[in-house]
There are 2 protein chains.
Amino acid sequence: MVEVAIIGAGQTKYGNHEQGLKGMWAESALNAFESVDQNFDPRIIDEAFIGSTAFGGGQLGNTAALMTEHSGMDNIPVRRVENACASSGFAMRDAWLAIKSGQADIVVAGGIEKMNDLSPERKRFWLGVSGDTEWERLAGLTFPGTYALMARRHFHEYGSKHDDLVNISVKNHTHGFLNEYAHLRKQVDFDKAKSGFMVADPLTLYDCCPTSDGASTVILAADHIAKKFTDTPVWVKGSGAASDYLALHDRPSITELIATKKAAEVAYKSSSLTAKNIDLAEVHDCFTIAELLATEDLGFADKGDGGNFASQERGMRNNGDVTINSSGGLKSKGHPLGATGTGQVVEIFKQLRGDVEQGRQVDDAEVGLTHNVGGSGATCAVHIFGRSPND
Amino acid sequence: MVEVAIIGAGQTKYGNHEQGLKGMWAESALNAFESVDQNFDPRIIDEAFIGSTAFGGGQLGNTAALMTEHSGMDNIPVRRVENACASSGFAMRDAWLAIKSGQADIVVAGGIEKMNDLSPERKRFWLGVSGDTEWERLAGLTFPGTYALMARRHFHEYGSKHDDLVNISVKNHTHGFLNEYAHLRKQVDFDKAKSGFMVADPLTLYDCCPTSDGASTVILAADHIAKKFTDTPVWVKGSGAASDYLALHDRPSITELIATKKAAEVAYKSSSLTAKNIDLAEVHDCFTIAELLATEDLGFADKGDGGNFASQERGMRNNGDVTINSSGGLKSKGHPLGATGTGQVVEIFKQLRGDVEQGRQVDDAEVGLTHNVGGSGATCAVHIFGRSPND
């Protein structure tokens, strides 16, 4: 069975972009091409998968082809992959499957979203439609409201508290402050994060990720060709994905995401690794409570202990067994919906190769994980990466 | 390398549906499950790919998970694949890749669209956004207008004429009249088809496909497991896909679709077959001129001879070397955008197994082809199927 390597990865800065979709994609793709150690000609790319929720509400069909046509990838098979905020996590999986199939040697997975040319109403709409519409959105439940319900229930069942979430916010801002690609590069202390204005009780402004523009691009290669391009590829050691009921009321519990647990189980099994082997993880912290749940669902903390994990700062860079969101996460690095999943892979690629800015390096980074969630947990993709391939 | 079989396929009728997305998907999936010769439990499905342009303008994110959650396919990895009208042609390709990868044994490819609960303005919008927006749509070029340009140019370069297109319309209505799943089941004679009201000169009403609701579902299986479910699987002998510039002005020619030619070249090569081996083909006749171009681009007619091919009725069922659109095609069977690609596979599956209604059977049907185009040709997926696997 062919093993899959990443030979290059790049992205735009996340934030408010003046350029449109084509410009953002071209910048991201070029950054990825230029990150390949040996000269890389994009005309050798066999296939591409581009994640986007709605191309930022532009609502254009066939836009995956519009992205590739003028970025050196003309005429290749390309499609949009859409799973709300997990769109490019699944693009990553589908690119991995394409190489595993033996039908392609060099495949691009990417993502893109442009949110900040939308009116506030349209932004709310495009965020809201990623959750359940029939029972939740049309009844007035917003996304912060959805995650606020999860937080309240976790507080009730396990004794976690809002201060735990504040610690997650402070940590991610601490990490993102040094990341030149981050949307919100500012240091936020405990008191400030604790006293943000209320969005959806108990979640304040500092519990919520921003709305970002951005694009990200990852170049995958089959093992037999990867070494032509770099001596230090990053290997995809495992991939797992799953889905769950879209509406919260259909789920047996709202203090865990079953899609995360199932995706992680498959990813760990396929890589023959466990949570204990993970040195750093990019987890989907669209809200701080989502990171708390992820630390439990991915096995970094015991069930119910996610609050303590956060308050003890066990996810802070080089402060515990695993560094969580060394990039700043969605909270600080930003969340351009469809670009987020492959953007997480960009961070892991750079960390495992020692290519990050001064002060950002996770020590002894050998194995990294990405965790990308669609909406309130209806879809999830988990990938595990390492500096060495599977045996 | 694992070979890929189709063990079941089903769809809804195409047309105006009163039921919503969930109901249509459940009906289509159930028809596919029930088409499997041996009892089929959907809980064994490993993964799913669902094509949709916009879930019919419902514009919901994460809706692929909403489709699978209550159709016996809970918790599996599922994503939406979007490439405008070629969405489920690419879902089919991605399902094929997933089985080829060795990571999945049973995979569902499907598609769904609901158009008829939209206002006329929104219908036009959702059709228009599948072509180029920047240079074409915002300048007022509609989809019929786009294909009308192609027709006029073909008439000019090759001497084809509107009567040739009329023959395509008559043929597809003749085929579709007997298809119980078709949207427009009516016989249309030459004079009637010739005298339809003008939509975009030279294309009249009878040159244009209808706007349909519908869903379609195909069950793919790895060779080592397929025989458990049926003694007569249909084999995927080849898959090819490609893309092209979205805007017509970027293309070197508008009397051929380069994406079709490239996709077909790969599909033929991977199956070791040529156009001469194809007994029946479902081609993407969103407009009659699109079928004319497809007969040339797929190699059934010489370049420039597509008009004669049509007027000599060489694509009529059992009237020539290859039957074109035995289902009625998009013109008569209907065109529910994202459902069309896997809907074409449903027809080939039934024809190759001899499962069609009386009078519809293509004689000696051993090898079939599907051709699914996104928008005005920016994306295309071609698949070749046979009663026997590749050697």
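Each reported figure results from applying straightforward, stated rules to the coordinates on display, with no laboratory input. Please read all numbers here as calculations on a predicted model, not as lab measurements. Ideal geometry is used to build each Cβ from the backbone, glycine not excepted, and the neighbour counts take in all protein chains shown.
Summary of the geometry: segment A:126-174 and segment B:60-74, compared by the centres of their Cα atoms, lie 22 Å apart. Taking the longest Cα principal axis of chain A as reference, the axis of helix A:21-35 is set at about 70 degrees. Here A:PHE125 yields copy-to-copy label distances, from shortest upward, of 0.6 nm, the label point defined as 7 Å from Cα along Cα to C-beta.
Checking the cross-link pairs B:LYS100/B:LYS269; A:LYS13/A:LYS227; A:LYS114/A:LYS333 against a 23 Å limit on the alpha carbon distance flags A:LYS13/A:LYS227 as lying beyond it. Annotation note: trypsin sites (Lys or Arg not before Pro) in segment A:191-248 located in DSSP loop regions with a Cβ neighbour count of at most 16 within 10 Å are A:LYS227, A:LYS228. Going from the residue with the fewest nearby Cβ atoms within 10 Å to the one with the most, B:THR230, B:THR295, A:THR63, A:THR255 rank B:THR230, A:THR255, B:THR295, A:THR63. Pairs of alpha-carbon atoms within less than 8 angstrom and 6+ residues apart define the contacts here; what relative contact order does segment B:91-195 have, in percent? RCO, segment B:91-195: 13 percent. Cβ crowding within 10 Å, taken as a proxy for footprinting-reagent exposure, orders A:GLU3, B:GLU347 from fewest neighbours to most as A:GLU3, B:GLU347.
Inter-chain neighbour count for B:100-106: the average number of beta-carbon atoms from partner chains within 10 Å of each residue's beta-carbon is 5.
For the protein assembly as shown, a/c is not less than 1.5, where a ≥ b ≥ c are the root eigenvalues of the C-alpha gyration tensor, and a/b tops b/c. That puts it in the prolate class. Ordering B:GLU357, B:GLU366 from the fewest to the most neighbouring beta carbons within 10 Å gives B:GLU357, B:GLU366. Among the chymotrypsin sites (Phe, Trp or Tyr not before Pro) in segment A:140-215, those located in a DSSP loop and surrounded by at most 13 other Cβ atoms within 10 Å of their own Cβ are A:PHE197. Relative to the dominant Cα principal axis of chain A, helix A:162-176 is inclined by about 30°.
Inter-chain neighbour count for B:132-140: the average number of beta-carbon atoms from partner chains within 10 Å of each residue's beta-carbon is 2.
In loop segments of segment A:126-167 as defined by DSSP, the GluC sites (Glu not before Pro) with at most 13 further C-beta atoms inside 10 Å of their C-beta are A:GLU134. Here the chain A residue lying nearest the rotation axis onto B, judged by its C-beta and given with the distance in whole angstrom, is A:SER101, 2. Between copies, the label points at A:GLY304 (set 7 angstrom from Cα along Cα-to-Cβ) are spaced 8.1 nm, reported in nanometres from shortest to longest. Contact order for chain A, expressed relative to its length and based on alpha carbon pairs under 8 Å spaced 6+ residues apart, stands at 27 percent. Sequence-distant contacts, meaning Cα pairs under 8 Å at least 6 residues apart, place the relative contact order of segment A:235-341 at 23 percent. With the charge dipole of chain B set up from +1 on Lys and Arg Cβ and -1 on Asp and Glu Cβ about the Cα centre, the Cα lying farthest toward the positive end among the listed residues B:ALA264, B:MET67, B:GLN38 is that of B:MET67. Considering helices alone, the calculated mean residue ellipticity of chain A at 222 nm is -10000 deg cm²/dmol, with DSSP H runs of length four and up weighted by -39500 (n - 2.57) and normalised per residue. In order along segment A:260-277, phi translates into HN-Hα couplings of 5, 4, 6, 5, 5, 4, 5, 5, 4, 5, 6, 9, 6, 10, 10, 4, 5, 7 Hz, rounded to whole numbers, per the Karplus curve 6.51 cos²θ - 1.76 cosθ + 1.60 with θ = phi - 60° and x for Gly and Pro.
The mean number of partner chain beta-carbon atoms within 10 angstrom of a residue's beta-carbon across peptide A:64-71 is 6. With a cut-off of 11 Å on the backbone N, the residues of segment A:236-253 near the modelled label site 7 Å out from A:LYS303 along Cα-Cβ are A:253.
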